[in-house]
Amino acid sequence: MNRVGGVLLFALLMVAALVVTQAKLTPQERGALLQNVNLVLLLNDAEDIAHAKQGHFVAFAELVKSGALEEAARGPYARIFTQLDLKQETEPLPGFDLGIVVSADGAAYKLSLAQKSKCGKVFFSDQKKQIYLGQPLECPAD
């Protein structure tokens, strides 16, 4: 990982830690939140690897097939990687829907990771590596 990537990773982890410490969450909810942030960070890193090797971003199946996901999992994301079912494109982590949409020219992607519960959290990211957290409008704000 280059220096800029390391700094970006540190900043994202600090934001995730801030979200976790500020919210009134149970230990299980904190663990799930960090797990989801780590999965999004893993997918962002895998997309970077795929882009560097192939010249374009790719869908989940290609992240797996190309080895980019496994390569990105070396290091801080090894634990979340071991929890994934790589044969399930839309639900690699039980209880969560994953969507990765790649632009026609492969120059951009959008990903979402949504808890499969009525008022579950939804994580969004893209090639810019910013992570957004949301929830359904009909649910009370945390």
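The values are calculated or read from the model by the stated rules, or taken from the named source; none is laboratory data. What you see is a predicted model; the values in this text were computed from it and never measured. Cβ: placed from backbone, ideal geometry, glycine included. Neighbour counts: every protein chain shown.
Below is a table of values for the structure above.
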{"item": "Single unsatisfied condition, Pro27 versus (1) modelled with pLDDT under 95; (2) in contact with an Asp or Glu (Cβ under 9 Å, 6 or more places away or on another chain); (3) not β-branched (Val, Ile, Thr)", "result": "(2)"}
{"item": "Exclusive hit being in contact with a Lys or Arg (Cβ under 9 Å, 6 or more places away or on another chain), at positive phi and at pLDDT 80 or above, set Gly95, Gly55", "result": "Gly95"}
{"item": "Test: residue in region 14-22 that is among the small types (Gly, Ala, Ser) and at pLDDT below 75", "result": "yes"}
{"item": "Residue ID - surrounded by the most Cβ atoms within 10 Å (Cβ to Cβ), chosen from residues in region 82-103 that are touching a Pro at 6+ places or on another chain (Cβ under 9 Å) and either of a type in the set (Gly, Ala, Ser) or farther than 18 Å from Gln135 by Cα (or both)", "result": "Leu84"}
{"item": "Meets criteria (within 12 Å of Val40 (Cα to Cα) and either in contact with a helix residue (DSSP H, G or I) (Cβ under 6 Å, 6 or more places away or on another chain) or surrounded by 12 or more Cβ atoms within 10 Å (Cβ to Cβ) (or both)) for Lys110", "result": "yes"}
{"item": "Failed condition for Tyr77, given (1) in contact with a Phe, Trp or Tyr (Cβ under 9 Å, 6 or more places away or on another chain); (2) surrounded by 18 or more Cβ atoms within 10 Å (Cβ to Cβ)", "result": "(1)"}
{"item": "In region 122-142, the residues that are modelled with pLDDT of 90 or more and out of contact with any Asp or Glu (no Cβ under 8 Å at 6 or more places or on another chain)", "result": "Val122, Phe123, Phe124, Ser125, Asp126, Lys128, Lys129, Gln130, Ile131, Tyr132, Leu133, Gly134"}
